[in-house]
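Asker: I have a structure I would like to understand better, so I am pasting it below and will then ask my questions one at a time.
The values are calculated or read from the model by the stated rules, or taken from the named source; none is laboratory data. Predicted, not measured: the structure shown is a model, and the values here were computed from it. No Cβ is skipped: glycine too gets one built from the backbone with ideal geometry, and neighbour counts run over all protein chains shown.
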Amino acid sequence: MDEPGLYLHARSQGDLLRHLEDDFTNQIVYTTHSPFMVPTHQLDWVRTVNIAEEEGTTVSNDPNGDARTLFPLQAALGYDLAQSLFIGPNNLVVEGVTDFWILSAVSAYLNEQGKVGLDDRLTITPAGGAQKVHYMVALLTSEQLKVLVLFDDEKDAKATRDDLAKGKLIRSDNIVFVSEAFEAPPTEADIEDILDSAVYEALVREAYAKELKGKTLELNARIPRIARRFEAAFNALSIDFHKTRPTRLFLQKMANDPSSALPARSEGQFERLFKATNAALEKHLSR
């Protein structure tokens, strides 16, 4: 068959693929350019087809060829990997990858210490940016999956919370804010604000030691969120600030010397946040 299911929706193509596998005993050969018609669970079935002036058309068991030839296979594997790594029956959607890194590392450490980490049933799902949270929630809820959202506490996040609730994509009590980590909640907060401010500053200075050599970093205490505070200070020095760099260093220190990266106060704040998140999950599952 040539391009079966060409005009079907992606999920319907998956249904067609299962139909061809399960309902026929004979061998079926088909061509496709769709990632959703690639049997990622049986990659030994896949053949790549290439055409060249000197060799003509060739069919290979090995995944070779140019980028266009391999794209459906790459896309299928990437989608399959994303589904298995970051999506589960119960999902905690977070804004960015640094949130994912910090929460995963701290939760694992607290669980190892017999303290309160995130419920093991939760899969932390990074949305790839605050502006993409709405779309990630829509995607997951359309698959009938359980979804919680952890937002930074700031104006835009609260607006997104209201939009999600108004659109009936998610109930408001399935949404947790970072500020719930604090006994006296601040007006604004990111995940980085749960870390000790002196620890975070040391991480930034170590991560950017080369760029900051011979320069004075002036932090504006009136900026409420610590990552934004450093971003503004770096901008004043014409240096790009990326949260990923100090966060990677934080992960290293959590692996080698966790007590230096996570003092008792920060530990308690993370436990408070995880308790609130776990309670939201229990409430969601009980409905």
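Asker: Go through segment 1-44 residue by residue and tally those that are loosely packed, with under 11 Cβ neighbours inside 10 Å, within 31 Å of the chain's Cα centre (by Cα) and either among the polar types (S, T, N, Q) or within 19 Å of SER60 (Cα to Cα) (or both).
Answerer: Within segment 1-44, residues that are loosely packed, with under 11 Cβ neighbours inside 10 Å, within 31 Å of the chain's Cα centre (by Cα) and either among the polar types (S, T, N, Q) or within 19 Å of SER60 (Cα to Cα) (or both) number 3.
Asker: Could you please give the count of residues in segment 63-89 that are touching a helix residue (DSSP H, G or I) at 6+ places or on another chain (Cβ under 7 Å), surrounded by fewer than 17 Cβ atoms within 10 Å (Cβ to Cβ) and either in a helix (DSSP H, G or I) or at pLDDT 95 or above (or both)?
Answerer: The number of residues fulfilling the criteria is 4.
Asker: Sticking with this structure for a sec: Could you list, in sequence order, all residues of segment 109-166 that are part of a helix (DSSP H, G or I) and of a type in the set (A, V, I, L, M, F, W, C)?
Answerer: Within segment 109-166, LEU110, ALA130, VAL133, MET136, VAL137, ALA138, LEU139, LEU140, ALA157, ALA159, LEU164, ALA165 qualify.
Quick grid of which residues meet (1) more than 13 Å from ASN174 (Cα to Cα); (2) crowded, with 16+ Cβ neighbours inside 10 Å; (3) at pLDDT below 95; (4) of a type outside the set (Asp, Glu):
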{"site": "THR247", "(1), (2), (3), (4)": "yes, yes, no, yes"}
{"site": "PHE250", "(1), (2), (3), (4)": "yes, yes, no, yes"}
{"site": "MET254", "(1), (2), (3), (4)": "yes, yes, no, yes"}
{"site": "PRO263", "(1), (2), (3), (4)": "yes, no, no, yes"}
{"site": "SER266", "(1), (2), (3), (4)": "yes, yes, no, yes"}
{"site": "PHE274", "(1), (2), (3), (4)": "yes, yes, no, yes"}
{"site": "THR277", "(1), (2), (3), (4)": "no, yes, no, yes"}
{"site": "GLU282", "(1), (2), (3), (4)": "no, no, no, no"}
{"site": "ARG287", "(1), (2), (3), (4)": "no, no, yes, yes"}
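Asker: Tell me which residues, restricted to segment 17-31, are within 22 Å of VAL49 (Cα to Cα) and assigned to a helix (DSSP H, G or I).
Answerer: Within segment 17-31, LEU17, LEU20, GLU21 qualify.
Asker: Residues ALA165, ALA189: which one is over 19 Å from PRO224 (Cα atoms), touching a helix residue (DSSP H, G or I) at 6+ places or on another chain (Cβ under 7 Å), free of Cβ contacts under 8 Å to residues at least 40 places away in the same chain and in the same structural domain as PRO246 (by TED's automatic domain parsing)?
Answerer: ALA165
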